[in-house]
Amino acid sequence: MAKKTFQTVRGTRDLLPKDNKYFDFIFDQYVSEAKNAGFSKIETPMFEDTNLFVRGVGRETDIVEKEMYTFKDKSGNSITLRPEGTAPIVRAYLEDGMQAWPQPVSLYYSSPMFRYDRPQAGRYREFYQFGVEVIGSMSPLIDVSLISMSWRVLEKIGLKDITLQVNSIGCPSCRPKYRRMLSAYITDNAKKLCKNCLKRSKTNPLRVLDCKEKVCRLLMEDAPILINNLCTECHNHFKEVLEWLDDLEIPYELNTKLVRGLDYYTKTVFEIWTKSQGAQNSLGGGGRYDELVETMGGKATPAIGFAMGIDRIVELMKEQEIQLPEERLAEVYVVQLGDEAKKKGFKLLNELQKSGIRTQGGLDKDGISEQLKIASNLGAVYSVIIGQKEAMSGTAIIKEMSSGNQEVVAIEKVVKELIKRLKD
Ligand code: HAM
């Protein structure tokens, strides 16, 4: 009896070459933007001390309450697979002495994250983020630069029907007063709340603001508005952010109900939404977290960042039929016929690859027409044909695939000749 085969764990998936083409493309776009703006790459471990996320992201957030992959390792330590990148990077900032570096420290990452959420289209238990963090600056210009970076890549890719949502959620000096106002409003209307909000209104009333349930949305239409209750510092900071966004002609929507699901945020918050994908409409988001470095044990240091959900961006690109720039899988294809030609062809293939030419070869194939067909499917510009006659005479045929023109060349001159032709 055939043995049972294995399958990926629920909520995870293989990214096959056809998917990776898209993932690599989007990562490359963001990485190149980040590098142009002076960011350097950071990689933190895929798992961390569970308390890092409890303290960093917040005990009462959905991530910590419901979505963490937490387990005890063999020494009995509580370990959590990274659900997000910001808390680990702040840990690294403190642990690796980055406070002593010239400030601000600007870092980027392209990493898998893990959340135990109910899987559906656009929502996975392992997913990929591109993110940036700028630690050590209070300037609203940094907010604007990051919002602009997150937005312009999606615009450049050509995504349609996306919007940029922006809000300010204040700071510890103005938010408590607002929280009390909102709590009073919610208590007066508690009967109209959904079950989930009724529960979380006690611990985190701000989350009621962005609840997707219709009853809560209706109720929140008349709720007190946070940006009308900001302290002078938060008000001026946000005003400058909006003025610069206007100045740079970045089309944003002021969304006074946007609060984000992680507890560390202060002042500016933003998200990029798509109209498709139903509830999974957030392609990325971020904001300031001016208190987090201190919460994690460092000295007070302002910071801001964002993370883009690459899986969702890929899905939207496919849905909107956005084509990737054409990529040649091979510039040259080596075609051979017979044992002697195979030996020479294999050596030539290695030499071509060594000189940086993208080369494949029909080393396990025997028919010339079959190999030429593969060459043309791969988009090869040239094929090099070594038949029995060429193998005997130490020559090879260089065939230009588009015109069919052929030329016989001494085999030791093939590499040089192809380098020259591909450069022209
Ligand atoms: P977040 O909003 O939790 O923020 O995640 C950012 C993006 O990751 C989301 O907008 C979404 O596109 C994607 N994402 C989240 N969960 C899933 C999932 N289960 N499946 C697929 N994609 C998902 C953060 O993670 C913050 N650390 C961002 C940040 C950086 N804030 C400041 N610095």
What does the charge add up to near residue 238, with Lys and Arg as +1, Asp and Glu as -1, over the other residues with Cβ less than 11 Å from its Cβ? -1
Contact order normalised by residue count of the stretch 332-423, Cα under 8 Å, 6+ apart, percent: 29
Taking the Cα centre of the stretch 332-423 as origin and charging only Cβ (+1 Lys, Arg; -1 Asp, Glu), how large is the dipole, in debye to the nearest 20? 340
The exposure ranking of 266, 395, 86, 8, fewest beta-carbon neighbours within 10 Å first, is 8, 395, 266, 86
Over what distance in Å are the Cα centres of the stretch 119-141 and the stretch 48-97 separated? 15
Of 356, 387, 397, whose Cα points farthest to the positive end of the dipole of the stretch 332-423 (charges on the beta-carbon: +1 Lys, Arg; -1 Asp, Glu; origin at the Cα centre)? 356
Just to confirm my numbers, what's the Cα centroid distance between the stretch 399-424 and the stretch 287-334 in Å? 40
Over the chain, what relative contact order in percent results from Cα pairs under 8 Å that are six or more residues apart? 15
Non-local residues with an amide H under 5 Å from the amide H of residue 129, with H modelled 1.01 Å from N and Pro and chain starts lacking one, are 111, 113, 310
Taking every DSSP beta bridge with both residues inside the chain, roughly what % is antiparallel (nearest 5)? 80
May I ask you to derive the relative contact order of the stretch 134-293, considering only C-alpha pairs under 8 Å and at least 6 residues apart, and to give it as an integer percent? 34
Max mean-square fluctuation residue, GNM over the chain, Cα-Cα springs under 10 Å, options 176, 83, 302: 176
The chain - Kirkwood radius from inverse mean 1/r over Cα pairs (Å): 25.1
Around residue 395, which amide H atoms from residues at least 5 apart in sequence, or from another chain, sit under 5 Å from its own amide H, with H modelled in the peptide plane? 411
Taking every alpha carbon pair in the stretch 332-423 and sorting the distances into 5 angstrom bins from 0 up to the bin holding the longest one, the percent per bin comes out as 3, 16, 29, 29, 19, 4, 0
Please check: in the Gaussian network model of the chain (C-alpha springs, under 10 Å), which one of 387, 170, 158 has the largest mean-square fluctuation. 387
Longest exposed-loop-site-free stretch of the chain, with trypsin sites (Lys or Arg not before Pro), DSSP loop and at most 15 other Cβ within 10 Å? 75-159
Only Lys, Arg, Asp and Glu count, each charged at its Cβ (+1, +1, -1, -1), so figure out the dipole size of the chain about its Cα centre, rounded to 20 debye. 1340
Comparing 300, 100, 184, which has the greatest mean-square fluctuation in the GNM of the chain with Cα pairs linked when under 10 Å apart? 100
For the chain, build the charge dipole from Cβ charges (+1 Lys, Arg; -1 Asp, Glu) around the Cα centre, then report which of 20, 83, 178 sits farthest towards its positive end. 83
Only sites in a loop by DSSP and with at most 12 other Cβ atoms within 10 Å count here; which chymotrypsin sites (Phe, Trp or Tyr not before Pro) in the stretch 1-64 make the cut? 6
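Readers should treat all values here as calculations from the given coordinates under stated rules, not as data from a laboratory. On a predicted model such as this, the values are computed, not experimentally measured, just so you know. Cβ sites come from the backbone with ideal geometry, for glycine too, and all protein chains shown count toward neighbours.
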